[in-house]
Amino acid sequence: MASSSRLTVLVAGVILCSLVRLSWCAGGGGGQRVQNYTSMFSFGDSLTDTGNLVASSPISFSIVGKYPYGITYFHRPTGRCSDGRLVVDFLAQAFGLPLLQPYLSRSNDVRQGVNFAVGGATAMDPPFFEKIGASDKLWTNLSLSVQLGWFEKLKPSLCSSPKDCKEFFSKSLFLVGEIGGNDYNYAFFKGKSLDDAKSYVPIVTSAVVDATERLIKAGVVHLVVPGNLPIGCSSAYLTVHSSSKKRDYDSNGCLKTYNDFAQHHNTVLQEKLQLLRLRYPQVRIMYADYYGAAMSFAQNPNQFGFRHGALRTCCGGGGPYNFNPTASCGLRGSSVCTDPSAYANWDGVHLTEAGYHAIADSILNGPYTSPRLL
């Protein structure tokens, strides 16, 4: 009972810290301090994009800007690749910040945060995909380096001197990703093998870490760098790369080799982030384990309220996982479920708001950030 009561007090304390927006709040036992962030900025791909892809390509990617995207929370399409909010939205709300406006359709007031992420974006620049013969698969050329350029262009409107920037960024949280997943997706969709993709891991992870260091050199001191999701549990991969061999699947029904690949990327990324921490000991670099957080509901979907499991999509065009590449969500031949909150998977590639909420809760309050975010 004493242990249970103490846990209740700790959780209540974390919530209270967020609600009252204290500058610092004592943590349980060790007196750990919790930063109050007054602004937030994010980079990445469709897992984080709040409207930049639609703003940059309103015709080519009109599906994301139309029903049924956005039906749950916003009750209208917003350019998010989900039925509602994303991890970045839940993090912003947890710190009492407004939802991040997309860089390409921002207002003049940017001091509380901006989202630079673009759906389909990659860690690598277009020449890399030309080299491997996959440039025709790119959704966008607005890669991570382009997004960093946007930030550097915006920076003078955030702070005007080194002293001013130091003060501003001491209370800013930066989300660097998730980014890199599409680099492999485009390769796989082009028919590249797992061994081919594995050879790309060193340069893809270096691009993510180099971007993180570039932000640090710009004065950023609080950064969350997420790893990749378990792509072997994605209904798109389960459909396109299905196997007749039972041994190719784990006990959750996910493809082992693709999950092993995602974990390899994440391991290499963490090793490089650790080296970066040693180089910049004054900076807080937090790794966010999206893989572990997502696997927790792949293993126990009912515990999270996912009555239809974690592998079947809410919005799709049929098949064992309700994913059909020729009738994907929003296209003719697809349909949307009546209760997206009962599903973890939204459209075969992206998660539902409920799925992202579960990850955000794990990142904020669970053991899935290292060091801990709160």
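The values are calculated or read from the model by the stated rules, or taken from the named source; none is laboratory data. For clarity, every value in this text was computed on a predicted model and none was experimentally measured. All Cβ positions, even for glycine, are placed from backbone atoms using ideal geometry, and neighbour counts span all protein chains on display.
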- Task: Examine the stretch 338-352 for a residue that is among the charged types (D, E, K, R), closer than 25 Å to Y249 by Cα and crowded, with 18+ Cβ neighbours inside 10 Å, and state whether such a residue exists.
- Result: yes
- Query: Which of the residues belonging to the stretch 73-93 are free of Cβ contacts under 8 Å to residues at least 40 places away in the same chain, part of a loop (DSSP other than H, G, I, E, B) and not aromatic (F, W, Y)?
  - Reply: H75, R76, P77, T78, R80
- How many of the residues making up the stretch 312-340 are under 21 Å from V64 (Cα atoms) and part of a loop (DSSP other than H, G, I, E, B)? 18
- Before we move on, is L269 touching a residue at least 12 places away in the same chain (Cβ under 8 Å), of a type in the set (A, V, I, L, M, F, W, C) and in contact with a helix residue (DSSP H, G or I) (Cβ under 6 Å, 6 or more places away or on another chain)? yes
- Item | Close pairs from the stretch 297-324: first of a type in the set (K, R), partner buried (at least 19 other Cβ atoms within 10 Å of the Cβ), Cβ under 6 Å, at least 6 apart | R312/Y321; R312/N322
- Given the residues T205, T212, T239, which is the only one that is crowded, with 16+ Cβ neighbours inside 10 Å, part of a helix (DSSP H, G or I), in contact with a Lys or Arg (Cβ under 7 Å, 6 or more places away or on another chain) and in contact (Cβ under 8 Å) with a residue 40 or more places away in the chain? T205
- May I ask you to list the residues in the stretch 299-334 that are within 18 Å of H357 (Cα to Cα) and of a type in the set (F, W, Y)? F304, F306
- Query: So which of K153, K166 ends up being in a helix (DSSP H, G or I), more than 26 Å from L275 (Cβ to Cβ) and either out of contact with any helix residue (DSSP H, G or I) (no Cβ under 7 Å at 6 or more places or on another chain) or β-branched (V, I, T) (or both)?
  - Reply: K153
- Single unsatisfied condition, P126 versus (1) buried (at least 18 other Cβ atoms within 10 Å of the Cβ); (2) more than 21 Å from the chain's Cα centre (by Cα); (3) not basic (K, R): (1)
- Determine whether G70 is in contact with a helix residue (DSSP H, G or I) (Cβ under 9 Å, 6 or more places away or on another chain) and either at pLDDT 95 or above or in a loop (DSSP other than H, G, I, E, B) (or both). no
- Meets criteria (part of a loop (DSSP other than H, G, I, E, B) and either modelled with pLDDT of 95 or more or within 17 Å of T205 (Cα to Cα) (or both)) for L104: no
- Query: Among the residues of the stretch 248-255, is there at least one that is in contact (Cβ under 8 Å) with a residue 60 or more places away in the chain, part of a helix (DSSP H, G or I), in contact with a Lys or Arg (Cβ under 8 Å, 6 or more places away or on another chain) and on the phi < 0 side of the Ramachandran plot?
  - Reply: no
